[in-house]
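Below: the structure, in structure tokens.
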Amino acid sequence: MSWVHCNSCFLEPGKDNKNFYISNCGHILCQQCQHQKKCPSCGNEDYKALKIDSNLPSNIRDYFNDVSKMMNTATRKILDVKSFQDSQVKSLGKALLNHQGATLELQKKNLNLKAALEAAKKYVSIYEIQIGVFFRENESLTVSVKFYSDALAKKTEECEVYKRKLEDQTRLLTTPVRQLEEKSSTDCTPVKMLSESFITPKSVSTNPHRNNNAAEPVRRPLSNVSKKTPTIPCQEESPLIGQLNDSEERIKNDFLNTHAMLGLPTKAKRSRFSVDDEE
């Protein structure tokens, strides 16, 4: 260090002058000059000095190092710091690029979702219109079902009334017929015996006093016998039976068919059943 010298007497280090000191005001002094109460170079009264040797603090010792070495060391440190900072910058740039790519992808997805949302809104509007149409149709069908249900209930009530009337008429008509049948079963001769008495000729008498030479009665063939059944009181048709048959036929034609029960015209007169017909 050729530049080291005493700032007061300008003495340079040598064999006899090896001890030098540095003051707190930044001046280098030799051993003789540093014993003064004030700094001999600037006159600083708050004067303190440290011996220049290996025991100096590192922050002060750096002032006495070789500048070229310090530059090399600093250059390496600077390069290391620069490399570290460059790596961090590259990492940050890569992260920014990835972030930008993710942002663009999200924006693209956002556009697609908006388009899908608009299409869904159009479908929703169409479905709302269809739902309104279906709702009105449902109301119309509900009114129709109620109308036909009321009509069916009314016809059912009428059928019940007709059924009760029919049961009453049948009971009234069948009671005399049963009484007549019971009387006929107790008073009348069986039909088979009566028919045989009229059809079969009398047999030859077994009386021994009868002349056997008398002509036997001619047996008439069964086919020549009149098929007319003799009039027997129990076999005569009662007026009540005729009335019952007429009533049954009339009931069969009027009450016991579906169109009559529902109050509808017959198939011959009816072309199509509609609400207008009912009204």
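Read-outs: derived from the displayed coordinates by stated rules, not from any lab. Being a predicted model, the structure only gives us computed values, none of them experimental. Because the Cβ atoms are built from the backbone with ideal geometry, glycine has one as well, and the counts that use them run over all protein chains shown.
Details
- A simple packing score, the average count of other Cβ atoms within 10 Å per residue, orders the peptides 37-50, 131-144 as 37-50, 131-144, with the highest score first.
- Cross-link check: pairs K69/K94; K94/K114; K48/K69; K18/K38; K82/K108 evaluated at a Cα-Cα cut-off of 27 Å; pairs beyond the cut-off: K69/K94; K94/K114; K48/K69; K82/K108.
- The residues neighbouring L113, those whose beta-carbon lies less than 13 Å from its own, together hold a net charge of +2 under the Lys/Arg +1, Asp/Glu -1 convention.
- At full extension, S140 and L96 could sit 9.4 nm farther apart than now, given 0.36 nm per residue minus the alpha carbon distance.
- For region 98-115, putting each phi into the Karplus relation 6.51 cos²θ - 1.76 cosθ + 1.60 with θ = phi - 60° gives couplings of 4, 5, 5, x, 5, 5, 5, 5, 5, 5, 5, 5, 4, 5, 4, 5, 5, 5 Hz, in residue order, rounded to whole numbers and with x for Gly and Pro.
- Hypothetical label at K48: residues of region 1-27 whose amide nitrogen lies under 11 Å (7 Å Cα-Cβ projection): 24-25
- Residue exposure sequence - F10, F147, F20 - by fewest surrounding Cβ within 10 Å: F10, F147, F20
- Kirkwood-based shape ratio for region 1-65, expressed as Rg/Rh from alpha carbons: 0.94
- Projected label points at Y127 and V81, each 7 Å from Cα along the beta carbon direction, are separated by 6.6 nanometres.
- Region 1-65, relative contact order in percent, only Cα pairs under 8 angstrom and at least six apart counted: 28
- Modelled FRET efficiency - R0 41 Å, F147 with K108, Cβ distances, 0.05 increments: 0.10
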